[in-house]
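Working notes, beginning with the structure itself.
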Amino acid sequence: MREVTPKKIMEMKGREKITMITAYDYPSALLADKAGFDIVFVGDSLGMVVYGDENTLNVTMEQMVFHTRAVAKAVKRALVLADMPFGSYEVSVEEGVKNAIKLIQAGADAVKIEGGADHEKLVRKLVRMGIPVMGHTGLTPQRYLRLGGYRIMGGTDEEVEEIIRDAKALERAGAFAVVLEFVYADVAKMVTEEVSIPTIGIGAGPWVDGQVLVWHDVLGLIDFSPPFAKRYANLKEEILKAISEFRREVKEGKFPGKEHYWTRG
């Protein structure tokens, strides 16, 4: 068992900020674990940042299992969390259970499900089976078609009530934490105070129990980032510079140099 468990995450509420970052392969997961993150998250955002899709709706269970297995091999300390992709749990509780088991068998320590009250029965079933669950409310990208796009949530009384209702349903069902995505900061603060489980924000302000960002946004690997992300590096330019230099040296006959090859003479 890894050092960081769902129980430890729950105990951090109100005491220590929870840190979470996405990772989709072995080398990035190694670095995330070495950096000391509490949660390494195999998100369905991989559909957009790894596979180039316009949204997360085309991500399959096979993709999630494949990437979860790679990440799980690298992580020794952090909790490994895997997303349940669109279509893997909405049809029935039985289908959701079957797919959650696949992610756990691939090496995840817990699964994340978008939505709250709509999936309370599934969350309760998984928890009783021994599968830890993190919920997700506010902006739920898998429902962006219904929501009218990727927009900030909590602007109306009805949306605030729905967000709080989802968080409380997840708490009641036994979820160990809930992601609050792209909601007004004062709404996230309200939710954080209303529930006993940790809230992890992404675009939800400072008054939550933890923060999560996407790997590619943090490192500046892609051109577009959501407005709530902070770019801590510009690796896209550094990588482009490095591979361009490699190409140039090959064209000019400068690589490989004598220190990079061997002869028998």
What length, rounded to one decimal in nm, is gained on full extension from Val50 through to Glu90, with 0.36 nm per residue of separation minus their alpha-carbon distance? 12.0 nm
Among Val75, Met61, Val91, which residue has its Cα furthest toward the positive end of the charge dipole of the range 61-103, with +1 on Lys/Arg Cβ and -1 on Asp/Glu Cβ? Val75
Specify the angular offset, from 0 to 90 degrees and rounded to the nearest 10, of the alpha carbon long axis of helix 157-173 from the longest principal axis of the alpha carbons in the chain. 90
Accessible surface, per residue, of the range 33-160 when the full set of protein chains is kept, probe 1.4 Å, Å²: 42
Note down the net charge around Ala233, summing +1 for each Lys or Arg and -1 for each Asp or Glu among other residues with Cβ under 14 Å from its Cβ. +1
Note to self: with every protein chain in place and a 1.4 Å probe, the range 168-265 gives an accessible area per residue in Å² of 61
Asp223-Arg264 FRET efficiency (beta carbon distance; Förster radius 41 Å; 0.05 resolution): 0.25
Accessible carbon and sulfur surface of the range 23-120 relative to its total accessible area, %, 1.4 Å: 56
In sequence order, calculated HN-Hα J values of the range 24-33 (Karplus, 6.51, -1.76, 1.60; Hz; x Gly/Pro): 10, 8, 4, x, 5, 5, 4, 5, 4, 5
Over the range 210-265, how many percent of alpha carbon pairs lie in each 5 Å bin up to the one with the longest distance? 4, 16, 17, 13, 11, 10, 10, 7, 6, 4, 2, 1, 0
Anything over 28 Å Cα to Cα? Flag those among Lys13/Lys112; Lys76/Lys241; Lys73/Lys121, in the order listed. Lys76/Lys241; Lys73/Lys121
For Lys17, the aspartates and glutamates lying under 13 Å Cα to Cα, once residues fewer than eight places off in the same chain are dropped, come out as Asp38, Asp209
Based on the Cα atoms of the range 117-264, what semi-axes does the equivalent ellipsoid have, where each is the square root of 5 times one gyration tensor eigenvalue, given in whole Å with the largest first? 45, 19, 13
Quick check on the chain: what does the Kirkwood estimate of hydrodynamic radius come out to from the alpha carbon pairs, in Å? 19.4
Which of the trypsin sites (Lys or Arg not before Pro) found in the range 131-193 are loop residues per DSSP with 12 or fewer other Cβ atoms within 10 Å of their Cβ? Arg151
Where trypsin sites (Lys or Arg not before Pro) fall in DSSP loop in the range 6-82, at most 15 other Cβ within 10 Å: Arg15, Lys17, Lys76, Arg77
Dimensionless Rg over Rh [the range 26-97; C-alpha; Kirkwood]: 1.01
Quick check: convex hull of the Cα atoms in the range 1-154, volume per residue, rounded to a whole Å³? 121
Any GluC sites (Glu not before Pro) in the range 164-254 that lie in a DSSP loop and have at most 13 other Cβ atoms within 10 Å would be Glu252
Enter the angle in degrees (range 0 to 90, nearest 10) between the Cα long axis of helix 185-194 and the first principal axis of the Cα atoms of the chain, meaning the one along which they spread out most. 60
Got a sec? Charge dipole of the chain, +1 on Cβ for Lys and Arg, -1 for Asp and Glu; which of Pro206, Tyr261, Met134 is way out at the positive end? Tyr261
Against the longest alpha carbon principal axis of the chain, how many degrees, from 0 to 90 and to the nearest 10, is the axis of helix 120-129 turned? 70
Counting DSSP beta bridges with both partners in the range 111-241, what percentage is antiparallel, nearest 5? 5
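The values are calculated or read from the model by the stated rules, or taken from the named source; none is laboratory data. What you see is a predicted model, and the numbers here were worked out from it, not measured in a lab. When we count neighbours, we look across all protein chains shown, and the Cβ atoms used for this are built from the backbone with ideal geometry, even at glycine. Calculation scope for accessible area: heavy atoms of the full protein, side chains included, ligands and nucleic acids excluded. Shrake-Rupley method; radii C 1.70, N 1.55, O 1.52, S 1.80 Å.
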